[in-house]
1. By the scheme Lys and Arg +1, Asp and Glu -1, what is the net charge of all other residues having a beta-carbon under 13 Å from that of ASN579?
2. Given N residues in region 598-841, what is its alpha carbon radius of gyration divided by 2.2 N^0.38 Å?
3. List, largest first, the extents of the alpha carbons of the chain along their principal axes, each in whole Å.
4. If the cut-off is a Cα-Cα distance under 18 Å, which aspartates and glutamates reach LYS572, setting aside same-chain residues fewer than 8 apart in sequence?
5. Any chance you could list P(r) for region 170-327, counting all Cα-Cα pairs in 5 angstrom bins from zero, rounded to whole %?
6. Between helix 133-142 and the chain, what is the angle of the helix's C-alpha long axis to the longest principal axis, kept within 0 to 90° and rounded to the nearest 10?
7. Hey, what's the Kirkwood Rh for region 294-374 if you take every pair of different alpha carbons, in angstrom?
8. How many nm is it between the label spots at ASP357 and HIS591, if each spot is 7 Å from the Cα in line with the beta carbon?
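No value in this document is a laboratory result; all are computed from the given coordinates. Being a predicted model, the structure only gives us computed values, none of them experimental. FYI the Cβ positions are ideal-geometry reconstructions off the backbone, even for glycines, and counts take in every protein chain you see.
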Amino acid sequence: MNKVFFALLFSIISSAALAQVNGTRQSSLTGSIPADSLSYLNPKDYIIGDITISGAKYVNKDILLTISKLNKGDRINLPGEQNANVIKDLYKQGLFEDVQLNVTRINMDTIYLEIAVVERPRLSRLHITGIRKGEIEDVNKKLSDKTGKIVNQNLLSTTTAIIKKHFNEKGYLNTTVTITQTKDPGDENSVILDVAVNKKSKIKINSITFEGNKAFSDAKLRKFLKNTRVKKFYNIFGSKKFKQDKYDEDKQTLVEKMQAKGYRDAEVLSDTVTRHDEKTVDVKINVYEGPKYYFGDVKFSGNARYPTELLTRILQIEKGQVFSEEELNKRLSGPTPNNDDVSSLYLNDGYLTFNADPVQTRIHNDTVDLDIRIYEGPQYTINRVILKGNDVTNDKVVMREIRTKPGQKFNKELLIRSAREIGQLGNFDEQKTEPRPTNINPADGTVDLVYNVVEKPSDQIELSGGFGGGQLVGTLGLTFNNFALRNIFNLKAYKPLPKGDGQKLSLRGQSSGRTYQNFSFTFSEPWLGGKKPIYFAFSAYTQGSSTGQYYPKSSPYYNKLRINGVGITLGKKLNWPDNYFQLNYSLNVDHYDLDNYGGYLFQNGTSYNIKLTQELSRNSVDMPLYPTSGSNIKLTIQATPPYSLFNSINYNIATPEQRYHFVEYYKWKFDAQWFQRITGKLVLMSQVRFGYLGQYNKLVGPSPFERFKLGGDGMQSYQFLQGTDVIGLRGYENFSIVPVGSNLNANTNQGSAIYNKYTMELRHPVITGQSATIFLLAFAEGGNVWDNFNQFNPFNVRRSVGVGARIFLPIFGLLGLDYGYGFDKIPGQPDANKGHFHFTISQSLSGGFN
């Protein structure tokens, strides 16, 4: 009786071992062979004659055999535990809906097996609903690697987590994801996942409170959280959305800022984020401040090249000063505004591997003593300078701007300056210009320098139409900023014009038909001769207007104007007072032919304006497109020959044609911009402009040309203003600013002899990259004009404020849109001030003055 019971029990256990996992069908070990060939009561050893695979479409059959651990020629005991393990091991892979181990044939002691599988379905595609088209594209990019994978619980969970994370980073903390499966009608073993996404509302921050703070107020601590801001109207630039990753970064910044104020033991003990309502959360942070510490004795060790007295003077940290690791590291390793930290002293003298390790040797009461351990290392000499990435621009154009030369000692300052000069060329993405040392060889003290650059489109096109002077005016302008004149006859170099030599060619035409035409040509070469930085430019233009097609010459309505001009400029970079200075000399000849034409101080006759200009400039801005530091200053002196001193004209009785046949004057202009980073990417631009037009001889009177017109967008547009300085003042109509007491308006304004202007702009970037640079701005400015110094008052200005945006696209140049509100009324021009929109095109960001 007992033997029968145990036999039945063994049979049940063996059958259970062969059953498929999770309620699937039981595997067969008989196939088409006689039923008594296999007995659970009498298992036998067999030699595996062969193993076949059936049902596998996507999974490699050799891999299945490896997982099964079955090999031809091996012995196997059937039925028994071994065949149950084969099924279990295959199920563990998560690839199959059904697994069976079948016996297809038994020949004596040789057995032939079949592994039959039914694969789980795979993902053919995702069908996402509930969000916008652009959001669907973004999510699909992050899930693109899921297509073709097995649809299991892991895939569903991963897909849900990726979508939620994507929207959590954008402030949608309550996003829900619902996934359902649908058979793909085009493939019986594939499914479509229908993913319904509900972002719900963005979660913003209702309040941020602190516990444990005594030395720091809650308001002060909130300022340290740059990316975690309470939902308030005055938080313009900081994000009000709650983002966990930004919040974690801000907690670390919070601790660093507290430690920078002397609280070196400061830490965040705990924090909680609790739901306030459906759309907001409350943040509570518990901080530990600890005592306030001060610097004690600061010593240097290991320094041989420079004495301790010099290093101490450069470090600028004194005993009793509030302890700050942030300030200490800045004074040791930079960056500092003037590169006057300790590391710059060494790195500018060839000590490429210099290192300074500040060790806190003693902490007593509230005082920290330091030993700054210096490792100087050897001085390194530059072996090779390598340029990479300049696919269009010729090597010589870039290499002549690089100030680190083979044979020189390594110099960090010259490395940074070289990167700036490359960016100033305008042919490369300055954000991606990367100079770096390589092949550092301590044995012989040499190092190679590699300058990695990325070309960007630099040519620009201006194609616009506008309404001016009562008619439609079309404009076409082409500027090639990397032109190569030497290949002008090489047809193979046209792409569409010869490129690569860093020269500039500009062609511009403006016309409304026969009534108005304006054509100009400019060519410039920054390195005349190719060996020295001598700037050369040649320009020519012709401009004309006539009503001759409408009125006969005898008509009082007939008028005609033709202006022709040529100019040549030579300039040189200076090394004194420093190497940011440049001196340019220009000689220009303008020819005016007026026939019953108003707008100047005379209406008929021919006039010549032969002028010599000297311009001394200093441009140290760090980047041309979005400067964050540095300045741009210009002093311009312009003069004509004093004809009245040596001609025989009696100016008491001279006609206007005689008086202005050769124009005489002298002119001073001062323009200056300063750029200062306020916080983060927020930049303050300050600007001052001044101009004065003087005369040699009072009997001659003021010059009809080279006068100043103020107001509006600062663009010449459809105006015959060659020889006139046009200065913008947003919030007012074009040319509407006239001297106090005058009866002029924007249409009759002939310009003034003196002007000044002040501007302050707060700028914040939206995009800074190769494809585009976009920034927003808020401005306050004021300016005015006067006829003479008796009226001049630099503090009596027309004021305005406003906001705007600048978009720099490589092919179009700079596009600007401003809205300005002028506070001061202009007598006789009721619409000149108050609110005005201003659109600008092709005005420079830092190279010109707004």
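1. Working: positive: ARG403, ARG417, ARG420, LYS572, LYS573, ARG618; negative: GLU401, GLU413, GLU421, ASP578.
It works out to a net charge of +2.
2. Working: Rg = 19.7 Å, N = 244, 2.2 N^0.38 = 17.8 Å.
Normalised by 2.2 N^0.38 Å, the Cα Rg of region 598-841 equals 1.11.
3. In descending order, the Cα extents are 150, 80, 63 Å.
4. Counting by Cα, and skipping residues close in sequence, LYS572 has these aspartates and glutamates nearby: GLU401, GLU421, GLU525, GLU615.
5. Going from the shortest bin to the longest, the percentages are 2, 8, 13, 13, 11, 9, 8, 8, 7, 6, 5, 3, 3, 2, 1, 1, 0.
6. Taking the Cα atoms of the chain, the angle to 133-142 is about 60 degrees.
7. Numbers: mean 1/r = 0.0776 Å⁻¹.
The Cα-based Kirkwood calculation yields 12.9 Å.
8. 7.7 nm
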